[in-house]
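Working notes for the structure below.
Read-outs: derived from the displayed coordinates by stated rules, not from any lab. Everything quoted here is computed from the prediction, not taken from an experiment. So basically every Cβ, Gly included, is an ideal-geometry build from the backbone, and we count neighbours across all protein chains shown.
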Amino acid sequence: MGEIILQENIDKLLVKLKQENKKTVLTNGCFDILHVGHVKYLEKSKSFGDILIVLMNSDVSVKLIKGEGRPINSEVDRAYILCALSCVDYVILFDEKSPSKLLAKIKPDVYTKGADYTMDTLPEAPVIKEYGGHVEFIKFEEGKSTTGLINKIKA
C-alpha cells in the first residue's frame with residue numbers, strides 16, 4: 001500500500017529514494033472519482049520507473065480548478081484510494097493550481113502527463129527543462145472521465 005507524505009517530509013523521502021538509487025516517476029491530478037482511465041494512466045506512469053509519486057490536488061486546489069461542487073470525494077478519501085493502488089508508492093497533496101513548486105523540489109527522473117498536452121502547452125515544461133527531466137505523454141482512455149461520470153449520474 002502506498003503512503004501519504006506530508007510536504008514537510010519530502011526531503012526525508014528524497015534522501016531515502018536517492019540512497020536506494022530508485023528511478024522516480026511523478027504525475028499529478030485531482031483523481032476525484034477514480035475510474036479505469038485513471039488506473040490505466042497510473043499503471044502506465046509507473047512503468048517508466050521504480051517509484052511512482054502522485055501529487056494530488058487538495059480540496060482547495062480542486063475547487064480552484066473545477067469550481068464549486070467539486071471535488072466530489074474529499075482529499076483524505078482520494079488520497080487513501082490512490083494509496084490502495086499497487087502502482088502508487090506515494091501521494092503528496094498540494095493546494096496550488098499547478099504542481100510546479102513541488103516538481104522543482106522533487107525533480108523526478110520522469111514526469112507523466114496526459115497526451116492532450118505537448119511540451120509547448122505543458123505549464124510545467126519550464127521547470128522540467130530547468131532541471132533536465134524527461135516527460136512522457138500518456139494517451140487517455142477514450143470516453144473515460146470524471147466529468148463524464150458526473151454527467152451520466154445527473155442524467
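At q = 0.14 Å⁻¹, what log₁₀ I(q)/I(0) does segment 3-154 have when each alpha carbon counts as one equal point scatterer in the Debye sum?
The calculated log intensity ratios at q = 0.14 Å⁻¹ are -0.66.
Springs between alpha-carbon atoms under 10 Å, Gaussian network over the chain: tell me which of ASP95, ASP120, ASP50 tops the mean-square fluctuations.
ASP120
Taking springs between alpha-carbon atoms closer than 10 angstrom, which of SER61, SER86, SER145 fluctuates most in the Gaussian network model of the chain?
Among SER61, SER86, SER145, the largest GNM mean-square fluctuation belongs to SER86.
Going through segment 1-110, which GluC sites (Glu not before Pro) have at most 12 other Cβ atoms within 10 Å and a DSSP loop state?
Within segment 1-110, the qualifying GluC sites (Glu not before Pro) (loop, at most 12 other Cβ atoms within 10 Å) are GLU20, GLU68.
Using Cα positions and a limit of under 26 Å, work out the lysines in reach of LYS18, with same-chain residues fewer than 8 apart set aside.
LYS44, LYS46, LYS101, LYS105, LYS107, LYS113, LYS129
Tell me which of VAL91, ALA125, SER145 sits at the most positive position along the dipole axis of the chain, charges placed on C-beta atoms (Lys, Arg +1; Asp, Glu -1).
So the residue we want is SER145.
Mind putting a number on the dipole of segment 33-109 about its Cα centre? Charges go on the C-beta only, +1 for Lys and Arg and -1 for Asp and Glu, and I need it in Debye to the nearest 20.
In debye, rounded to 20, segment 33-109 gives about 240.
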